[in-house]
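So the structure is just underneath, and the comments pick up after that.
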Amino acid sequence: MTPNSNNRFKVLVVDDDPSVLSCYRRLLGRSGYETHTEACPRNVLGKKSDLVQKVDLILLDYKMPEMDGLSLLAELRRRECRARCILISAFLNEEVRAQAKLLGVDRVLEKPVDVDLLRGALTDLLPASLPPAGQGS
């Protein structure tokens, strides 16, 4: 997968907790990703719908007040969003895992999130950036 623009992969983080969004923004930014955050899943379907088509990966919380993460992802898939996805939840069970698999979730991580596992998942799914032109494989 190649980044959409600027040789940096775009990651959208959707989580209803502002402190969690801040932590992800710092972590992902330090790792070289262009990071966008949203606390309200409905905004992702509304005012941020254009952004969704440009992101390479969505880091998605499962349990949110207005709409759960898998319902959001189902609607995004219906709208032809093909971004990679990591689902994060403290409420995992076999039903959630099965639904995540059907929606094309690439990784499912449990809360509290192990930062090394998250970094590993991100590295597996998207490198932080591409080498400058002429220096790649």
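The values are calculated or read from the model by the stated rules, or taken from the named source; none is laboratory data. Note that this is a predicted model, so its numbers are computed, not measured. Positions of Cβ are backbone-derived with ideal geometry, glycine not excepted, and every protein chain shown enters the neighbour counts.
Every test in (1) over 20 Å from residue 9 (Cβ atoms); (2) more than 14 Å from the chain's Cα centre (by Cα) is passed by residue 39 save one, and that test is (2).
Counting the residues of the range 75-99 that are outside any loop (DSSP other than H, G, I, E, B), of a type in the set (Gly, Ala, Ser) and loosely packed, with under 15 Cβ neighbours inside 10 Å gives 1. The C-beta contact set for the range 108-126 (first residue under 24 Å from residue 95 (Cα atoms) and among the basic types (Lys, Arg), second residue modelled with pLDDT of 95 or more and loosely packed, with under 13 Cβ neighbours inside 10 Å, distance under 6 angstrom, 6+ apart or interchain) is empty. Applying the criterion of being of a type in the set (S, T, N, Q) and closer than 18 Å to residue 29 by Cβ to the residues of the range 83-137, the residue that is modelled with the lowest pLDDT is 129.
Of the residues making up the range 21-31, those that are over 10 Å from residue 11 (Cβ atoms) and either in contact with a Cys (Cβ under 6 Å, 6 or more places away or on another chain) or surrounded by fewer than 14 Cβ atoms within 10 Å (Cβ to Cβ) (or both) number 3. Evaluation of residue 48 against the conditions (1) in contact with a His (Cβ under 9 Å, 6 or more places away or on another chain); (2) modelled with pLDDT of 95 or more shows that the sole unmet condition is (2). Taken over the range 20-63, the criterion of being out of contact with any Asp or Glu (no Cβ under 8 Å at 6 or more places or on another chain), farther than 14 Å from residue 76 by Cβ and part of a helix (DSSP H, G or I) is satisfied by 22, 23, 25, 26, 27, 28, 29, 30.
Annotation note: Cβ proximity below 7 Å between a residue of the range 81-101 that is of a type in the set (Lys, Arg) and a residue that is at pLDDT 95 or above and surrounded by 19 or more Cβ atoms within 10 Å (Cβ to Cβ) (sequence gap 6+ or interchain) occurs for 84/56; 84/57.
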